[in-house]
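For reference, the structure is listed below as structure tokens.
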Amino acid sequence: MKKVLLPLLQYGFFLGLGIFLVWWSLHEIPDSEWSKFKTSLQSARYWLIIPVFFLLTTSHILRTLRWKLLMEPMGYRPSFLNSFFAVMIGYLANLAVPRLGEVLKCTLLSRYEKVPVERVLGTIVAERAFDVISLLAVFLLALLLQFDVVTGSYANITGMQGNTDKTGGWGGWIVLIAIVIMGTWLAWVFYTGRGKALVQKIAGLLRGVWEGLISAGKIKQKKLFFFYTVAIWVLYIAGTWMGFYATAGTDQLGFQVAVSGLAFASIGMIITPGGIGAYAFLLALVVEQNGVEYAMGVANGTLQWFAQVLIVVLVGGICLLALPIYNKKRQHENSRSHPAENNIA
């Protein structure tokens with residue numbers, strides 16, 4: 001019961017945080033700027049979702065190819081389509097329940113490609129390790145390009161910036177409350193004698209990340225793996241940059257803002273299910289630091305978040321329908337090409 005209740009409580013907490021940030025983002029728009037928020041959405045260039053669709057779908061394709069490279073040293077060469085279907089269905093599942101998609105895509109690949117789930121899970125750890133490194137690299141690039149913006153956005157979130165109206169001083173209280181909750185939880189864990197298990201779990205997680213990084217060293221095509229990793233994040237930046245052109249007020253923002261915006265918005269995708277609330281809120285803070293009114297930043301952030309979710313729903317939904325059809329056809333073709341074996345069976 002506890003094993004089921006704890007994940008549900010965690011999911012409920014982060015979903016609630018996302019809903020709160022949706023309310024907070026809209027609540028902090030001054031009454032005088034509501035018309036600008038509505039106008040930005042009404043006059044948005046919605047056709048830009050087409051090039052953004054191709055940019056982000058290409059990034060998913062490259063992620064699939066990179067995943068296949070991680071499986072090659074173990075002797076597994078699953079088909080590209082089954083791997084791509086699994087990746088997109090995993091993204092789709094993550095919109096409902098965070099991290100469910102990681103397990104689901106391994107399960108799907110195991111079912112249709114006969115790859116052991118436990119072996120594929122190791123590649124997921126390696127992928128996540130490189131994603132963390134890549135995100136840190138994006139933050140470092142953002143600091144180099146827009147140091148004042150990055151530090152100002154962080155100060156705005158925590159409420160440490162004295163002249164900000166966006167957190168109204170509540171940001172510092174939110175951080176303090178989060179620290180108190182975390183400290184209380186840790187105290188309860190150690191008081192009930194579960195501290196050793198927690199330490200072991202954290203150590204196991206860090207060991208898994210390290211082993212994932214080591215496993216990447218066994219890849220034969222290391223340069224291609226590095227190219228895929230860089231290209232994925234370049235496409236993310238390009239998608240964010242192009243997304244700025246969708247609304248008035250943000251259409252003059254350039255590459256540097258796209259890097260800073262992606263850095264903070266990516267954190268939003270991590271802390272709440274599907275980035276609900278957090279993505280638009282954090283992107284709006286970065287955009288505001290670059291001289292764009294907060295209301296317009298929220299409008300653009302909301303639109304960019306919605307576009308990403310829509311792409312995952314559309315492509316993921318198509319993959320969900322195509323997966324059994326493709327494999328049924330594939331199985332039929334295999335049975336036709338080996339009739340003697342089927343007769344013996």
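The table for this structure:
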read-out: Length gained when the stretch Phe306-Ala322 is fully extended (0.36 nm per residue, less Cα-Cα span); value: 3.4 nm
read-out: Relative packing of 41-48, 298-305, 55-62, which averages over residues the other C-beta atoms within 10 Å, highest first; value: 298-305, 55-62, 41-48
read-out: Length gained when the stretch Val234-Ile50 is fully extended (0.36 nm per residue, less Cα-Cα span); value: 64.5 nm
read-out: Heavy atoms of Phe147 accessible to a 1.4 Å probe, total area in Å² rounded to 10; value: 120
read-out: Extension gain, Lys223 back to Phe255 (0.36 nm per residue minus Cα-Cα distance, nm); value: 9.0 nm
read-out: Cut-off 15 Å between beta-carbons: net charge of the residues surrounding Thr229, Lys and Arg +1, Asp and Glu -1; value: +4
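The values are calculated or read from the model by the stated rules, or taken from the named source; none is laboratory data. Please read these numbers as outputs of a predicted model, since none were measured by experiment. So basically every Cβ, Gly included, is an ideal-geometry build from the backbone, and we count neighbours across all protein chains shown. With ligands, DNA and RNA removed, areas are computed over all heavy atoms of the protein, side chains included. Shrake-Rupley method; radii C 1.70, N 1.55, O 1.52, S 1.80 Å.
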